[in-house]
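The values are calculated or read from the model by the stated rules, or taken from the named source; none is laboratory data. Every value quoted in this text rests on a predicted model; they were computed, and no experiment measured them. FYI the Cβ positions are ideal-geometry reconstructions off the backbone, even for glycines, and counts take in every protein chain you see. All accessible areas refer to the heavy atoms of the entire protein, side chains included, with ligands and DNA or RNA removed. Shrake-Rupley method; radii C 1.70, N 1.55, O 1.52, S 1.80 Å.
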Amino acid sequence: DALPSQCLRNRGERDQYYAANTHPAIIDRQSYEAVQMLLRRRNENHMQHTIKTSPLGGRFICARCGGGFRRKESGGRPAFACMTHTQDRNACDMIPIPENEVYRAFLRLYSNLRDHPEVLDFQIKKLTEIRSRQMLWSPAVVELNREISDILSQSHALSLLNKQGMVDSDIFISKSNQLAEQLRNAKQQKERILQQEDRSILDSTEQLLETIEAGPEVLEAFDEELFCELIDKIIVESSTKIRFRLNNGMELPEHIERMVR
């Protein structure tokens, strides 16, 4: 027999209403909220644990889509996968890269930098030259150079007048002291400006060179502390090529083995 119309499921044919507290809850509201909070904390702790257990976490950038990478297990091996690819393979075709291959690539990078310090030394020299040229044409420095030149000209003219006996000795001494004080102040201002010029890239490059020179001659195993002192980001170009971005912004390529599925 057909069911009465009032027993048929309402699939939108009639108005629907929500009636609160009409049935006893399986789990009371307080317990439900406590469970949800516990789950959120566990999830946060898991994410923090993942980041702490791998120094590579949060450093990857996909060169194809610009997205980040997430650590995962692939075929029983730890790997980093592009999050865009994980969510939609049609949006990005970058496949996961093995974690151990990135470690090996870093060891090769360190070895190359250790054996060829001229790579960073050359950049330091170029940055120094560029900075020197920029400072020479800094408006503030140009103005101070003009002021210093003017003070020196006045001092020279005053000396000539004194030699010719055309200026009173007391006036000569007073004016000379005044010009000497002006010259000292102008030179101090110029020095302060030169010291305040942005040299963050130059400083970080010098720091990188010092870190390399102070590091072990041969790095046989991955060193997390050394990695963090040298590397800012890892740009993944393909399944076989990555670029390490050093902390001074310099990027150096390294090849890796493709992940076997």
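Given a Förster distance of 22 angstrom, what is the FRET efficiency for Glu129 paired with Leu252, based on the Cβ-Cβ distance and rounded to 0.05?
According to the calculation, E is roughly 0.50.
For Arg77 and Ser238 in the same chain, what is the full-extension length gain: residue separation times 0.36 nm, less their Cα-Cα distance, in nm?
Residue separation times 0.36 nm, minus the Cα-Cα distance, leaves 56.1 nm.
Once you order the gyration tensor axes a ≥ b ≥ c over the Cα atoms, which shape class does the stretch 203-254 get: rounded for a/c under 1.5, otherwise prolate or oblate by comparing a/b with b/c?
Oblate.
Determine the order of Cys228, Cys82 by accessible area, beginning with the largest, at a probe radius of 1.4 Å.
Cys228, Cys82
Quick check for you: with a 1.4 Å probe and neighbouring chains kept, what is the accessible area per residue of the stretch 91-193, in Å²?
With all protein chains present, the stretch 91-193 gives 63 Å² per residue.
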